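These notes are about the structure you will find just below.
The values are calculated or read from the model by the stated rules, or taken from the named source; none is laboratory data. Quantities reported herein were computed from a predicted structural model and do not represent experimental measurements. A quick note on method: Cβ atoms are made from the backbone with ideal geometry, for glycine too, and the neighbour counts reach across all protein chains shown. Heads up: the accessible areas ignore ligands, DNA and RNA and are worked out on the full protein's heavy atoms, side chains in. Shrake-Rupley method; radii C 1.70, N 1.55, O 1.52, S 1.80 Å.
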Amino acid sequence: MRAVQFTTYGAPDVLGVVEIDAPRPGPREVLVRVAGAGVNQIDTKIRSGSMAGGAALAAPSGTGFDAAGTVLRVGTSVGDVAPGDLVFGTGRDTLAEQAVLTQWARVPAGVDPVMAGGWGVAVETAHRLLTELAVDEGTVLLSGASGGVGSALVQLARARGLRVVGTASVENHPYLARLGATPVTYGVGLVDRVRAVAPEGVDGALDLSGAGVIADLVALVGDPRKVISISDFTAPALGARVSTGAGRTTDPRDGFAEAAALPGFTLQIERRYALDEAAAAHRAAEGGHTIGKLVVVP
Ligand SMILES: NC(=O)c1ccc[n+]([C@@H]2O[C@H](COP(=O)([O-])OP(=O)(O)OC[C@H]3O[C@@H](n4cnc5c(N)ncnc54)[C@H](OP(=O)(O)O)[C@@H]3O)[C@@H](O)[C@H]2O)c1
């Protein structure tokens, strides 16, 4: 099968398409024929080597953490899906014709499986953040709301009955409003702009883009424990929390089920790429201004 790999850390151009054997699913995993696979900023950080601590890449590596597709094989302990079922979720090396998923849910009827290929990481993160924030009513503020995680968050938060104020560049305000958020421009003056649209106050805030806004979010919320970042690891210095997949206490399948059960849940695809356009997809992700998701279609 064809798969995207890299043999050295570096710029997006280290990505290439190679012919390799299809992976084998472990006992609690499934193998899917990939319909679509999401591109996430974490993929670009791994590929660049910035997370390798100076070590060289030991062996050729695949890329990609989420996908949707048709189940081809199931592990010996998998009982909830069977070959032929259409699933989305998270796994490994998903920019390929076939990939292993470790967590999944069925693609809801009528949903484009290419689009659902971009749901895994964004939905898992959004569900985890809402659970960890534990704000049951009132208003939440999302910094960097028009990207993948933000787009999922707006919809899950609105469905939970929360009011959402989301920051984005001004050209993405109509997109945020369509999702159900009150849009606000990020940058200098953020606190005043949020107070103007949310005079009732902000009950919790999530920093998605890591643009150095923790002090502003704490000022708006009042309680630093109700501020969580997924991108700014200095947040604890101000009493705020950091959330990562590695330390998660939530089950990704609960998040997948929540999104799948939400009528009309959608992640707009900014652009679709072929496997041999993976470098271009990584370059776009690195730009940090994706609207919704970037998806690779093998
Ligand atoms: N810790 C975790 O568990 C975890 C999980 C998933 C993702 N992440 C990280 O979280 C970040 C966001 O992920 P994503 O997939 O949502 O990224 P994305 O799709 O690239 O979206 C980035 C968002 O940031 C906004 N943005 C850009 N510059 C900004 C600024 N100066 N201030 C405020 N917002 C700004 C963009 O809005 P405009 O386009 O309107 O400028 C866009 O909405 C990435 O760094 C990713 O690696 C962490």
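Please list 70, 249, 125 from largest to smallest accessible area, probe radius 1.4 Å, with all protein chains kept in place.
249, 70, 125
Can you pull the accessible area of residue 19 for me, 1.4 Å probe, Å² to the nearest 10?
Accessible area of residue 19: about 130 Å².
Taking the dipole about the Cα centre of the stretch 123-242, with the C-beta of Lys and Arg at +1 and of Asp and Glu at -1, give me whichever of 187, 152, 140 is farthest to the positive side.
Of the candidates, 152 comes out farthest on the positive side.
Which order do 143, 169 take by accessible area at a 1.4 Å probe, largest first?
Sorted by accessible area, descending: 169, 143.
Per DSSP H run of at least 4 residues, take -39500 (n - 2.57); add these up for the chain, divide by its residues and hand me the 222 nm value, nearest 500 deg cm²/dmol.
Calculated mean residue ellipticity at 222 nm is -7500 deg cm²/dmol.
Ignoring ligands and nucleic acids, what accessible area does residue 182 show with a 1.4 Å probe (Å², nearest 10)?
Answer for residue 182: close to 40 Å² accessible.
Report relative contact order for the stretch 154-298 in percent, whole number only (criteria: Cα-Cα under 8 Å, sequence separation at least 6).
14
Which residues' amide hydrogens lie under 5 Å from the amide hydrogen of residue 242, considering only partners 5 or more residues apart or on another chain, with H built in the peptide plane?
229
Leaving out ligands, DNA and RNA, what percent of the accessible area of the chain is carbon and sulfur, probe 1.4 Å?
52
Ordering 45, 293 by accessible area with a probe of 1.4 Å, largest first, what comes out?
Correct descending sequence by accessible area is 45, 293.
Amide H neighbours of residue 103 under 5 Å, at least 5 residues apart or on other chains, H built in the peptide plane: list them.
Amide H neighbours of residue 103: 90.
Provide the three semi-axes, in whole Å and in decreasing order, of the ellipsoid equivalent to the chain as defined by the square roots of 5 times the Cα gyration tensor eigenvalues.
The equivalent ellipsoid of the chain has semi-axes of 32, 21, 17 Å.
Hey, what's the per residue convex hull volume over the C-alpha atoms of the stretch 123-242, in cubic angstrom?
Dividing the Cα hull volume of the stretch 123-242 by its residue count gives 85 Å³.
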